[in-house]
Amino acid sequence: MMTKRILLTAALLAAAPALAQTPSVEVQNAWARATAAGAKAGGVFLTMTDKGAPDRLIGASTPVAAIAEVHETVNDKGVMRMRPVPSLPLQPNDPVVLKPGGYHLMLMGLKQQLKDGETFPVTLSFEKAGNVTATVHVAKAGAMGPGMMSMP
């Protein structure tokens, strides 16, 4: 009986790090528009769903850009402008959609052209969930959703 308890305890302790590392935020449908050669900016769009306690998106990074910031598009007296947002709240089981014309990840200082059909990683930083990395699929220039990607 004692041996079974020791084995069960050891198994639970061994599994604990894997359980603790399961992100409580799911990221789906990450996509970006293809950019022109030499472009210095781009955008990433995606859906985040918080599966745990309320959280906040507080930052982002990607190897394809010097800076990745959360931005929102606002109508300022008839002029559409993009401005950085310090954080974006997430509520449990209430998907937050980053899309053209709304909240999005602004990539500045692009290090490479974003080409239709390619992919790249983006890491989202959450206040409680930590870092979650997703694969961004590049769609055609001017695409309005992830369904407008070319097949290789």
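Could you grab the pairs with beta carbons closer than 6 Å, sequence gap of 6+ or different chains, first residue in the range 23-34 and at positive phi, second one modelled with pLDDT of 95 or more and outside any strand (DSSP E or B)?
Going by the 6 Å Cβ cut-off, there are no qualifying pairs.
Checking the conditions here, which among Val79, Val132 is more than 21 Å from Ala39 (Cβ to Cβ) and surrounded by 12 or more Cβ atoms within 10 Å (Cβ to Cβ)?
Just one listed residue meets the conditions, Val132.
For (1) on the phi > 0 side of the Ramachandran plot; (2) in a loop (DSSP other than H, G, I, E, B); (3) modelled with pLDDT of 95 or more; (4) of a type outside the set (A, V, I, L, M, F, W, C), each residue gets a yes or a no:
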{"position": "Ala15", "(1), (2), (3), (4)": "no, no, no, no"}
{"position": "Thr47", "(1), (2), (3), (4)": "no, no, yes, yes"}
{"position": "Ala53", "(1), (2), (3), (4)": "no, yes, no, no"}
{"position": "Val70", "(1), (2), (3), (4)": "no, no, yes, no"}
{"position": "Met80", "(1), (2), (3), (4)": "no, no, no, no"}
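Among the numbered criteria (1) outside any helix (DSSP H, G or I); (2) at pLDDT below 90, which one does Leu107 miss?
Of (1) outside any helix (DSSP H, G or I); (2) at pLDDT below 90, only one is false for Leu107: (2).
Scan the range 54-83 for residues that are touching a strand residue (DSSP E or B) at 6+ places or on another chain (Cβ under 7 Å) and farther than 25 Å from Val138 by Cα and jot them down.
Once the filter is applied, which keeps residues that are touching a strand residue (DSSP E or B) at 6+ places or on another chain (Cβ under 7 Å) and farther than 25 Å from Val138 by Cα, the range 54-83 yields Pro54, Asp55, Arg56.
Which of the numbered conditions does Pro121 fail, given that it passes all the others? Conditions: (1) in contact (Cβ under 8 Å) with a residue 40 or more places away in the chain; (2) over 13 Å from the mean Cα position of the chain (by Cα).
Result: Pro121 passes all but (2).
The values are calculated or read from the model by the stated rules, or taken from the named source; none is laboratory data. What you are looking at is a predicted structure, and each value in this text was computed from that prediction instead of being measured. Here Cβ is always computed from backbone atoms with ideal geometry, including for glycine, and neighbour counts include all displayed protein chains.
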